[in-house]
1. With the requirement that a residue be over 24 Å from Asp91 (Cβ atoms) and assigned to a helix (DSSP H, G or I), what does the stretch 36-73 give you?
2. Can you go through Thr187, Thr171 and tell me which one is more than 15 Å from the chain's Cα centre (by Cα), hydroxyl-bearing (Ser, Thr, Tyr), at pLDDT 95 or above and within 24 Å of Gly22 (Cβ to Cβ)?
3. For the stretch 107-126, name all the residues that are under 14 Å from the mean Cα position of the chain (by Cα) and within 20 Å of Glu163 (Cα to Cα).
4. Restricting the first residue to the stretch 113-125 and requiring it to be of a type in the set (Gly, Ala, Ser), which pairs with a second residue that is in a strand (DSSP E or B) meet a Cβ separation below 9 Å and a spacing of at least six or different chains?
5. Do we have Val83 as more than 14 Å from the chain's Cα centre (by Cα) and at pLDDT 95 or above here?
6. Mind counting the residues in the stretch 138-154 that are of a type in the set (D, E, K, R) and in a helix (DSSP H, G or I)?
7. For the stretch 114-147, how many residues are over 16 Å from Cys33 (Cβ atoms) and either away from the ligand (no atom under 13 Å from the Cβ) or aromatic (Phe, Trp, Tyr) (or both)?
8. Give the residues of the stretch 29-63 that are farther than 25 Å from Ile119 by Cβ, within 16 Å of the ligand (Cβ to nearest atom) and surrounded by 18 or more Cβ atoms within 10 Å (Cβ to Cβ), sorted by residue number.
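The values are calculated or read from the model by the stated rules, or taken from the named source; none is laboratory data. Note that this is a predicted model, so its numbers are computed, not measured. When we count neighbours, we look across all protein chains shown, and the Cβ atoms used for this are built from the backbone with ideal geometry, even at glycine.
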Amino acid sequence: MSDSLLVNEIFLSLQGESSHAGFPTVFIRLAGCNLRCNYCDTAYAWEEGERMSMEQVIEKVGSYRCKRVEITGGEPMKQENTVPLSKKLLDKNYHVMLETNGTVELTGLPDGIIKVVDIKCPESGSGETFLESNLDALNKDDEIKFVVSSKSDFKWALEMMQEHNLPDCCTVNMSPVTNILDPQILTQWILESGHDLRLNLQIHQFLHIP
Ligand code: SF4
């Protein structure tokens, strides 16, 4: 098996989302995605990428003075070498996060990877794609994210959350779709819900950085 990956970009920025927001992070954006969400802000990664060996990827990551890495996409779990890459990064003492759309089996990932798992709401255009068996792979350090377009998406997310006791499992993030849902309205819904939900804003957008 070749050890290469199709890489869209590798860059240093601030983590913009999740409870790790604000920390310097090296992003490895892998190319290719099996979904086509209507609010996608990384459509440029659906196809385009450069083939790099694992050694080249790790060398590039090592060129930054930063021990936090996020593997993202596209959908990183669609590439067979994502799991081996995550293991190598952990072995090199990186703090490794993986952002995934939740449609691909996560059980092969090593302990120690922090998983940020999207559960696609109906109005994303990619509803009913979440693999519920992935909930068994989550632990307290992992995070779930619902990207919400409307009140009906929010209600759907609450039902999903209650059905599976998600806050008992890990942090649950609620993100408003940019330019579609006012974050202040989502804040109000969160406060009214009585649930322990985290408002997840993309701080890189405020800073106008990648
Ligand atoms: S899963 Fe992520 S990368 Fe894929 S289409 Fe949806 S938002 Fe875009």
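1. Scanning the stretch 36-73 gives Ala43, Tyr44, Ala45.
2. Only one candidate qualifies: Thr187.
3. Val116, Val117, Asp118, Ile119, Lys120
4. Every condition considered, the pairs that remain are Ser124/Asp118; Ser124/Val147.
5. yes
6. Number of matching residues: 2.
7. Number of matching residues: 18.
8. The one that is farther than 25 Å from Ile119 by Cβ, within 16 Å of the ligand (Cβ to nearest atom) and surrounded by 18 or more Cβ atoms within 10 Å (Cβ to Cβ): Gly49.
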